[in-house]
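Undergrad: My questions will all concern the structure given below.
The values are calculated or read from the model by the stated rules, or taken from the named source; none is laboratory data. Since the model is a prediction, treat every value here as computed from it, not as a measurement. Here the Cβ is made from the backbone with ideal geometry for all residues, glycine too, and neighbour counts use every protein chain on show. Accessible surface areas use protein heavy atoms only, side chains included; no ligands, DNA or RNA. Shrake-Rupley method; radii C 1.70, N 1.55, O 1.52, S 1.80 Å.
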Amino acid sequence: PYHTKEEEKRRNFSFLFKNFFLLFNITNKTAVRKWYNSQELFLLLVSFFSGTFNTISSNYQDQIEAVGLPGSQPHPFKHPAVQTLCMFLGETLCMIVLQILVHTTRHRDKPVVKAKFPIWTFLIPAMCDMTASTMAYIGLLLTTPSVYQMLRGMVIVFTGIFGQIFLKKKLRAFQWVGMAIIIIGTVIVGVANVLYGEKTSKSTKEAIVGDILIVTAQIIAATQLTLEDKFCTQYNVCSATAISRK
């Protein structure tokens with residue numbers, strides 16, 4: 001028996017809270033250890049802040065004006081292909097990280113081994129990455145940064161669907177719920193941008209075209225991630241090798 005009504009409420013709330021997480025199979029010890037893995041949490045935070053900084057810096061670049069030929073009027077920087085090129089140059093620096101890992105772990109029990117795979121393996125993922133990034137940067141020119149950042153989250157949905165269809169991966173219930181929340185949020189943001197968008201120099205038609213380009217880019221990016229997952233598993237390739245070779 002409960003001594004007070006407050007204690008009864010607390011016990012009932014605790015019971016519902018516990019069963020809610022049991023429903024999505026995340027209260028078992030293995031899942032809890034994965035959720036609180038310090039390395040994964042660090043990578044999650046780095047990915048979150050770097051992705052946000054990428055959007056802000058790219059939008060800042062698009063707003064910079066400069067004079068081209070002598071006597072011409074200042075015009076804004078609109079070169080999405082150049083932005084993609086800079087991104088690929090940054091990914092190439094992973095070769096340096098890979099060499100550091102190889103040399104620092106050479107005398108350990110489990111050193112980093114250079115995987116052997118055909119040189120053309122990551123050609124298609126690289127083409128997908130180049131196409132998706134350029135399309136997304138073009139979409140950023142036509143829509144607002146906030147909408148651009150939200151629509152990029154659709155890559156999670158497409159990657160999950162492609163992984164289940166082509167890689168035969170099983171998604172848990174809470175993963176489906178997360179994907180559904182992303183879809184609902186993306187639809188709300190996209191519709192709000194078209195109907196009640198910020199008053200800027202960009203027209204409604206431009207915003208619609210930009211949103212379509214960004215979503216299409218996420219489909220291509222999901223194809224890239226699915227192929228990389230398949231090849232990395234098939235040839236036992238580490239992420240640093242895959243990114244630098246790509």
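Undergrad: Residues in region 107-124: is at least one open to solvent by 50 Å² or more (accessible area, probe 1.4 Å) and at pLDDT 85 or above?
TA: Looking through region 107-124, at least one residue is open to solvent by 50 Å² or more (accessible area, probe 1.4 Å) and at pLDDT 85 or above.
The rows are residues; the columns are (1) within 20 Å of LEU85 (Cα to Cα); (2) aromatic (Phe, Trp, Tyr).
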position: LEU225; (1), (2): yes, no
position: PHE231; (1), (2): no, yes
position: CYS238; (1), (2): no, no
position: ILE243; (1), (2): yes, no
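Undergrad: Moving on to the next point. Report yes if some residue within region 73-89 is surrounded by fewer than 10 Cβ atoms within 10 Å (Cβ to Cβ), in a helix (DSSP H, G or I) and modelled with pLDDT of 85 or more; otherwise report no. Walk me through it before giving the result.
TA: The initial filter retains those residues of region 73-89 that are surrounded by fewer than 10 Cβ atoms within 10 Å (Cβ to Cβ), namely 73-74, 89.
From what's left, in a helix (DSSP H, G or I): 89.
Adding the requirement that they be modelled with pLDDT of 85 or more leaves 89.
Yes, region 73-89 contains at least one residue that is surrounded by fewer than 10 Cβ atoms within 10 Å (Cβ to Cβ), in a helix (DSSP H, G or I) and modelled with pLDDT of 85 or more.
Undergrad: I'm trying to understand the selection: among the residues of region 46-91, which are over 15 Å from the mean Cα position of the chain (by Cα) and hydroxyl-bearing (Ser, Thr, Tyr)?
TA: Result: SER57, SER58, TYR60, SER72, THR84.
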